Amino acid sequence: PYVADYSRYLPSHTSSPKTFLAVGLGSVIGSQTSMVLGVFAAALAGKAFSGQPVAYVVGLGASGLMAAALFFSVAFGKVT
């Protein structure tokens, strides 16, 4: 659906495969960044992650480095 929505604004001579790859990879890379961070957080947390995963991830933001990683992940996902 993203390719169909964006492609109507492109010139007619624009390559369909390139358009598909640009939009598709942008969606995949952006979402995978957040998902990979979540998988690492769950793997590192072990049992502390179950039950309150959102609270655990928010608690990780207390350290400057992890807060930067969280904010980067969200911003990168939005930009791509």
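Across region 11-48, the number of residues qualifying as assigned to a helix (DSSP H, G or I) and either on the phi > 0 side of the Ramachandran plot or of a type in the set (S, T, N, Q) (or both) comes to 8. Between ALA62, ALA22, ALA75, ALA55, the distinction of being open to solvent by less than 80 Å² (accessible area, probe 1.4 Å), over 22 Å from VAL3 (Cα atoms) and either among the small types (Gly, Ala, Ser) or more than 15 Å from the chain's Cα centre (by Cα) (or both) belongs to ALA55 only.
Does GLY46 qualify as being exposed (fewer than 12 other Cβ atoms within 10 Å of the Cβ) and free of Cβ contacts under 8 Å to residues at least 24 places away in the same chain? Yes: the conditions hold for GLY46.
When LEU44 is tested against (1) more than 30 Å from ASP5 (Cα to Cα); (2) within 19 Å of the chain's Cα centre (by Cα), exactly one condition is not met: (2).
When restricted to residues that are in a helix (DSSP H, G or I) and aromatic (Phe, Trp, Tyr), region 1-10 contains 2.
The values are calculated or read from the model by the stated rules, or taken from the named source; none is laboratory data. Computed from a predicted structure; not experimentally measured. Don't worry about glycine lacking a Cβ; one is built from the backbone with ideal geometry, like all the others, and counts go over all protein chains shown. Please note that ligands, DNA and RNA were not included when accessible areas were found on the heavy atoms of the full protein model with its side chains. Shrake-Rupley method; radii C 1.70, N 1.55, O 1.52, S 1.80 Å.
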